[in-house]
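Notes to accompany the following structure.
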Amino acid sequence: MPDTLGYYDNNAAAFVEATFEVRMNELYEEFLPMVPGGGHILDAGCGSGRDALYFSQSGYRVTAFDGSESIAMLASKKSGLSVQHRTFSDVSELSVYDGIWACASLLHFPESDVPDAIERLWLALKPSRALYMSFKVGSGERQSNGRHFTDANEDLAERWIHHLSQVESFRLWRTTDQRPGRDEQWLNILVCKQHAPHKQLTIGGKSHHFLPKLCHGIRSADQVHMAVAFVKTTGLNLLFPDLISALQRDSSPVTIKILTSDYLDITDPEALRKLVLLQDQGAQVRVYQSRGSSFHMKAYLFAGHSGNDQSWGRAFIGSSNISRQALQDGLEWNYQVDFPPDPGYLEAVSRFEELFQHPNVVPLTDQWIDDYAKRRVPPPLPVAPGSAEQEPSPKPNEVQAAALNALEQTREEGYRRGLVVLATGLGKTWLSAFDAVQVGARRILFVAHREEILHQAAATYLRIKPESRVGFYMGKQRDRSVDIRKRQ
């Protein structure tokens with residue numbers, strides 16, 4: 001077997017000079033889009049340091065090594081980078097690099113050793129990142145000018161790749177040698193690793209946001225507990241349909257307890273009014289009065305029964321309050337604890353129940369919201385993700401605007417009553433709320449034949465008249481001291 005490393009040690013200067021100026025831009029354009037800006041690249045078998053220098057000048061953090069001590073020394077001087085002297089067998093890192101570049105370096109291994117060297121690089125690569133390799137096109141092993149070569153074709157490359165785990169995709173393509181006077185073909189291999197499986201940790205952002213897990217928990221649980229520092233209308237609107245559906249579920253009663261706070265006056269009065277609607281359906285909602293202390297709770301607890309009547313529990317403890325940004329868009333970490341087997345869920349439930357009975361905790365009432373709205377002074381600048389969010393004020397659509405104008409005109413003509421006929425879906429409930437604002441109505445009675453319609457109307461009216469108290473007059477419920485009454 002030729003002494004390949006000995007060849008490069010003895011011919012280091014000539015090799016570095018012959019390869020340092022070779023342009024590789026075409027290959028950089030294939031590889032670098034797979035690496036996040038400023039990411040960490042491993043140049044494995046870096047040779048002259050040409051590619052490592054390009055990556056460094058492009059803003060990436062670079063680790064480079066070569067198996068030839070002489071070439072590593074010359075590459076350090078030529079590139080100005082610190083090039084390590086080590087071999088592929090020394091690569092033992094796990095999930096460290098955002099991209100690995102092995103250009104014309106693995107081809108000197110015996111064919112039987114190539115899979116192990118690729119596996120080492122693969123383990124050192126982070127999830128969802130890419131490994132680039134290149135070999136001279138051919139088949140089998142050969143010796144040339146004192147060096148060992150393993151050439152490769154597409155079939156051999158695919159066999160190597162199929163031995164790797166967690167492969168998301170790969171691409172094979174051929175290019176021509178860029179060195180003057182050379183016409184060899186090169187096989188380029190770009191392998192992308194799968195994303196890391198998200199098991200216990202929800203990391204947020206558009207690709208892994210928290211909202212679907214909360215909605216699934218609400219839909220599947222018999223018991224829902226939430227404790228959050230603040231509630232914004234933007235976030236509550238995302239959860240409200242599932243919370244209402246859970247409370248109205250016929251198959252099994254659902255216990256919902258929600259605890260929020262007046263900490264820093266961030267919670268929206270409109271959101272609190274909407275939480276009152278949940279109370280009307282049977283939820284328990286309470287407020288922690290901070291009184292100058294902090295309240296940074298962000299916990300969501302769910303419990304239920306599986307098909308074999310086995311009890312289960314799930315807790316999410318993390319950073320998400322109830323705001324659109326925290327549930328959908330922002331980078332928020334929320335860790336999932338499942339029982340069984342983790343008894344941490346039981347501890348979280350116990351601590352929640354203690355907090356729900358804390359001396360600073362009071363039931364949510366319309367009167368409490370009125371007082372809070374009067375003394376509330378929100379921070380002038382956002383203090384947490386989503387803390388300054390506001391839902392835009394609803395505006396009448398074209399049909400509703402025309403109807404509002406017609407109603408206003410009839411009043412100017414002396415009429416005290418009006419009748420509006422609109423097809424399903426054109427927004428009769430919204431129109432009635434807009435018109436209530438238009439005439440400056442202080443008290444409103446909304447009549448419908450189904451509870452579902454009444455609850456939908458209540459949410460609609462709060463969107464347009466967020467300062468209003470909303471109550472119901474149906475069944476055994478007789479709310480009289482309210483601004484907007486829904487009657488069946």
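The values are calculated or read from the model by the stated rules, or taken from the named source; none is laboratory data. Here the structure is a predicted model, which means the values were calculated and not measured. Don't worry about glycine lacking a Cβ; one is built from the backbone with ideal geometry, like all the others, and counts go over all protein chains shown.
Points worth noting:
- Filter result (in contact with a Leu (Cβ under 6 Å, 6 or more places away or on another chain) and either modelled with pLDDT under 70 or surrounded by fewer than 18 Cβ atoms within 10 Å (Cβ to Cβ) (or both)) within the stretch 439-486: ALA448, ARG485, LYS486
- Any hit, the stretch 168-178, residues being touching a residue at least 24 places away in the same chain (Cβ under 8 Å), in the same structural domain as VAL16 (by TED's automatic domain parsing) and either touching a His at 6+ places or on another chain (Cβ under 9 Å) or among the small types (Gly, Ala, Ser) (or both): yes
- Output for the stretch 234-251, where each listed residue is farther than 19 Å from GLN284 by Cβ and within 25 Å of the chain's Cα centre (by Cα): THR234, GLY235, ASN237, LEU238, PRO241
- Checking each residue in the stretch 413-448 for being within 13 Å of GLN400 (Cα to Cα) and basic (Lys, Arg) picks out only LYS428.
- Residue in the stretch 244-258 that is more than 14 Å from PHE352 (Cα to Cα), of a type outside the set (A, V, I, L, M, F, W, C) and surrounded by 19 or more Cβ atoms within 10 Å (Cβ to Cβ) present: no
- Qualifying residue in the stretch 162-182 (condition: at pLDDT 90 or above and part of a helix (DSSP H, G or I)): yes
- For SER387, the test of being part of a loop (DSSP other than H, G, I, E, B), assigned by TED's automatic domain parsing to the domain that holds CYS215 and either closer than 19 Å to GLY235 by Cβ or in contact with a helix residue (DSSP H, G or I) (Cβ under 7 Å, 6 or more places away or on another chain) (or both) is failed.
- Pair list, Cβ < 8 Å and 6+ apart or interchain, from the stretch 447-459 residues that are without any contact (Cβ under 8 Å) to a residue 12 or more places away in the chain and farther than 24 Å from THR234 by Cα to residues that are assigned to a helix (DSSP H, G or I) and not acidic (Asp, Glu): none
- Put simply, of VAL114, VAL167 the only residue that is over 31 Å from the mean Cα position of the chain (by Cα) and of a type in the set (Val, Ile, Thr) is VAL114.
- Only listed residue being closer than 21 Å to ASN188 by Cα, touching a helix residue (DSSP H, G or I) at 6+ places or on another chain (Cβ under 9 Å) and of a type in the set (S, T, N, Q), chosen from SER105, SER95: SER105
- Scanning the stretch 306-357 for residues that are assigned to a strand (DSSP E or B) and of a type in the set (Lys, Arg) turns up just one, ARG314.
- Residue-level analysis places ILE71 among those that are surrounded by 21 or more Cβ atoms within 10 Å (Cβ to Cβ), among the β-branched types (Val, Ile, Thr) and under 21 Å from ARG179 (Cβ atoms).
- Pick from the stretch 74-106, criterion surrounded by 21 or more Cβ atoms within 10 Å (Cβ to Cβ) and in contact with a His (Cβ under 9 Å, 6 or more places away or on another chain), ranking: farthest from LEU53 (Cα to Cα): TYR97
- Test: residue in the stretch 327-339 that is polar (S, T, N, Q), outside the structural domain of THR255 (by TED's automatic domain parsing) and surrounded by 14 or more Cβ atoms within 10 Å (Cβ to Cβ): no
- Residue list for the stretch 14-44, filter: touching a helix residue (DSSP H, G or I) at 6+ places or on another chain (Cβ under 7 Å), touching a residue at least 40 places away in the same chain (Cβ under 8 Å) and part of a helix (DSSP H, G or I): PHE15, VAL16, THR19
- The stretch 419-446 - residue that is touching a residue at least 12 places away in the same chain (Cβ under 8 Å) and assigned to a loop (DSSP other than H, G, I, E, B) and, of those, farthest from GLU467 (Cα to Cα): LEU422
- Positions within the stretch 48-81 being more than 16 Å from GLU17 (Cβ to Cβ) and free of Cβ contacts under 8 Å to residues at least 12 places away in the same chain, in sequence order: GLN57
- Residue in the stretch 122-130 that is touching a helix residue (DSSP H, G or I) at 6+ places or on another chain (Cβ under 6 Å) and either over 19 Å from CYS192 (Cα atoms) or polar (S, T, N, Q) (or both) present: no
Condition check ((1) surrounded by fewer than 10 Cβ atoms within 10 Å (Cβ to Cβ); (2) farther than 30 Å from GLY205 by Cα; (3) free of Cβ contacts under 8 Å to residues at least 40 places away in the same chain) across all residues:
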| site | (1), (2), (3) |
| --- | --- |
| ILE369 | no, yes, no |
| GLU389 | no, no, no |
| ASN405 | no, yes, yes |
| GLU408 | no, yes, yes |
| GLY414 | yes, yes, yes |
